[in-house]
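The values are calculated or read from the model by the stated rules, or taken from the named source; none is laboratory data. Everything numeric here is computed off the predicted structure, so don't read it as measured data. Neighbour counts run over all protein chains shown; Cβ positions are idealised from the backbone, glycine included. Areas reflect the complete protein model, heavy atoms only, side chains present, ligands, DNA and RNA absent. Shrake-Rupley method; radii C 1.70, N 1.55, O 1.52, S 1.80 Å.
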Amino acid sequence: MNRKKKAGTGGRAGELSCRVWIGDIRPSLDGGRFPAKRTVGDTVTVTADLVVDGHDTLTGVVRYRAGSAASWEETPLRPGVNDAWHGSFTVDRTGPWEFTVEAWVDRFGSWRAGLEKKAAADRVTAVDLMDGAALLDAAAARAGSADARLLKRGADALRGEAPPERRVAAALGEELAEAARRHPDRSRSSALEPARRLTVNRELARSGAWYELFPRSASPDPERSGTLRDIERLLPDIAGLGFDVLYFPPIHPIGRTNRKGPNNRLEAGPDSPGSPWAIGAEEGGHTAVHPDLGTIEDFDCLVATAGEAGLEVAMDIALQCSPDHPWVRQHPGWFRHRSDGTIACAENPPKTYEDIYPLDFECADWRALWGEMLGVFRFWIEHGIRIFRVDNPHTKPIRFWQWLIGGLKTEHPDTIFLSEAFTRPKMMQALAKVGFDQSYTYFTWRNTKRELTDYVTELTRPPVSEFLRPNFFTSTPDILPQYLQFGGRPAFQARLVLAATLSASYGIYSGFEFCEAEAVPGTEEYLNSEKYELRRRDPDSPGNLRPLIARINAIRRENPALATNERLLFHPVDADQLICYSKMTADLSNIVLVVVNLDPHHVHHGWVDLPLKAFGIRPGDAFQVHDLIGGGHYLWHGARNYVRLDPAQMPAQLFRLRRMVRTERDFDYFI
């Protein structure tokens, strides 16, 4: 039962005399340095070790509050195994939260436990009863009128003339004990300081389907660039595929100096549109819209229309400049200069980005630069954007992101930041700890059963799951993995199912649905990459995956188990190329089982071993599996069941498990 009250001081006036020791509190990141992540509606379970000398009885509470609340709320701690205690509360709004654990010696409870033992040994003395009366008098002084009267009567009974056994029976009464527990002596309680922190996001930070689209490729007319108005025409179709987020690469003016041509050629033709990541020209910089796409008014209209269609627009923010960006002229000190006085272009050997100047975040004028970056985000927030995919955040200082995201979330707690950081694991984790709500991952390069099992287990278990939320993109404009290059249509189908079911958040880059797989030989770069030229696609091209994508996204929405990563289990299957796993809700009302053939070229079959007890299925009971893609219904018996997957037909199966329920009238049905 939650209690809204202002908690005690935690005994900080006499810390050395606070006997309760609190340890191993969870969730806690790096000793409380960073906040753990949760979503609105989540139940936060706090655990801590509570230890006291001797044999006294302990009690305690979890104290918690939203960042804006003036007072604390609290909920009881419950004892577990080996001095581990736990308590839970629910977070009901976005923004920062904090919690701590406060514990103290339950003096009346300790006395009562001792009295019970003495009574069993017939060793109760008059002094024992007088001690209890004094404790009840003190509790009555702390209590309100109703409890005070009850406690006072209890104290009087202990001092009364009734036979000792009757006074003992009165002292051991549960009603009296409950009243005493409601008014404990917390003057020497121990409290964990400082309080631990949480960041609470809206649901879309945890679960969503993303669709990446280049606006300039949205034109129905092959003779011109697509516009923001053209995208409005596509919104019903994208929403109909079941996506939640429509994500655009940069939409700003593109520089002309050193503009890249098709396939990243150094010479651009007169009609080459250039890379959207080479931001800035005479038409403006990071707060301008490319004139070929339209105006800021067109952008505002698109954001509103997308919202009406059930889509939220996400923007890519790339904190870098083309040589023509206004900042290069206005603030040359914001860039790193070489010894000959020129500004160095961006490099990631062996790659060189001649069309991009990186910003120098430790320049002499860094405060003005950081302030300008903050202003860019604020500008787009004012125009309705609450989701930002940030390009290469690992090439900017971590403290910069901690400062920027912390400030923006204070102003707009509903903002969501996706980190595009294909970099070292510790750097990815550091970015997540300092504020990024989601992260790109190495899923793109995890192909075997062992690789997928080990990596996804790492992401979905504490401590990593407390702060890093994965977003599994099947591919990106920069990365066409070899599995897709050589696996054909079944490879695209398999990766779609894996991404959409292993992770609560996933995304595809437009072109994936058409199984685009032509790469520059020997690389993971798309041939005729959309980064450097316009692309035209036929939505009705043969063999496209649009119906399957719509079905997978519908399955995700119909099955709440897929909206979280908390209860993901991998299951043994005696075939190396078959991977099997399940997700379930806490109450087992929704259980989804997935089997994928990782070999896009050959049929594989085997026996799956399922943990029936974890599914709430009794030994010997049949259970129903509903094929969510194909539509069939089957009865399975026992833990071992046979599966066979032909990639030429469909390399994956998704099942909804329905458990048998037996009624008193011996009528069975499935839930």
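For a quick check of your reading of the filter: which GluC sites (Glu not before Pro) in the range 249-350 sit in a DSSP loop and have no more than 14 other Cβ atoms within 10 Å?
The qualifying sites are E267, E282.
Taking every alpha carbon pair in the range 536-671, what does the distance histogram look like in 10 angstrom bins from 0, in percent?
11, 38, 34, 12, 4, 1, 0
Okay, helix-only estimate at 222 nm for the chain: each DSSP H run of n ≥ 4 adds -39500 (n - 2.57), divide by all residues, round to 500 deg cm²/dmol; what do you get?
Mean residue ellipticity, 222 nm, calculated: -8500 deg cm²/dmol.
Mind jotting down the three principal axis lengths of the range 266-380 based on Cα atoms? Whole angstrom, largest first.
Each principal axis gives a Cα extent; for the range 266-380 these are 53, 38, 27 Å.
Could you sort out which of K396/K449; K396/K531; K37/K583; K351/K409; K409/K449 sit more than 31 Å apart by Cα distance in this structure?
Long pairs (Cα-Cα over 31 Å): K396/K449; K351/K409; K409/K449.
Give the label of the value calculated from the structure for Cα Rg over 2.2 N^0.38 Å, choosing from (1) 1.34; (2) 1.18; (3) 1.10.
(2)
Once fully extended, how much extra length lies between T90 and Q485, figured as 0.36 nm per residue of separation less the alpha-carbon to alpha-carbon distance?
Residue separation times 0.36 nm, minus the Cα-Cα distance, leaves 137.6 nm.
Sorted by mean Cβ packing within 10 Å, highest first, what order do the peptides 249-260, 367-378 take?
Listed from highest to lowest mean packing, they are 249-260, 367-378.
How far is helix 366-382 tilted off the main Cα axis of the chain, in degrees rounded to 10, range 0 to 90?
Its long axis makes an angle of about 90 degrees.
Using a 1.4 angstrom probe on the protein heavy atoms only, line up K426, K351 by accessible area, largest first.
Final ranking, largest accessible area leading: K426, K351.
Per residue, how large is the accessible surface of the chain? Use a 1.4 angstrom probe and give square angstrom.
Spelled out: the 1.4 Å probe surface of the chain, per residue, equals 44 Å².
Can you work out the Karplus-derived ³J(HN,Hα) for every residue in the range 329-335? Use 6.51 cos²θ - 1.76 cosθ + 1.60 with θ = phi - 60°, whole Hz, and x for glycine or proline.
7, 7, 9, x, x, 7, 10
With the contact rule set at Cα under 8 Å and sequence spacing of 6 or more, what percent relative contact order holds for the chain?
Dividing the mean separation by the residue count of the chain yields 10 percent.
What is the angle, in °, between the Cα long axis of helix 126-142 and the longest principal axis of the Cα atoms in the chain? Nearest 10 is fine, range 0 to 90.
Roughly 50 degrees between the two axes.
With both partners inside the chain, how many of the DSSP beta bridges are antiparallel, as a percent to the nearest 5?
75 percent
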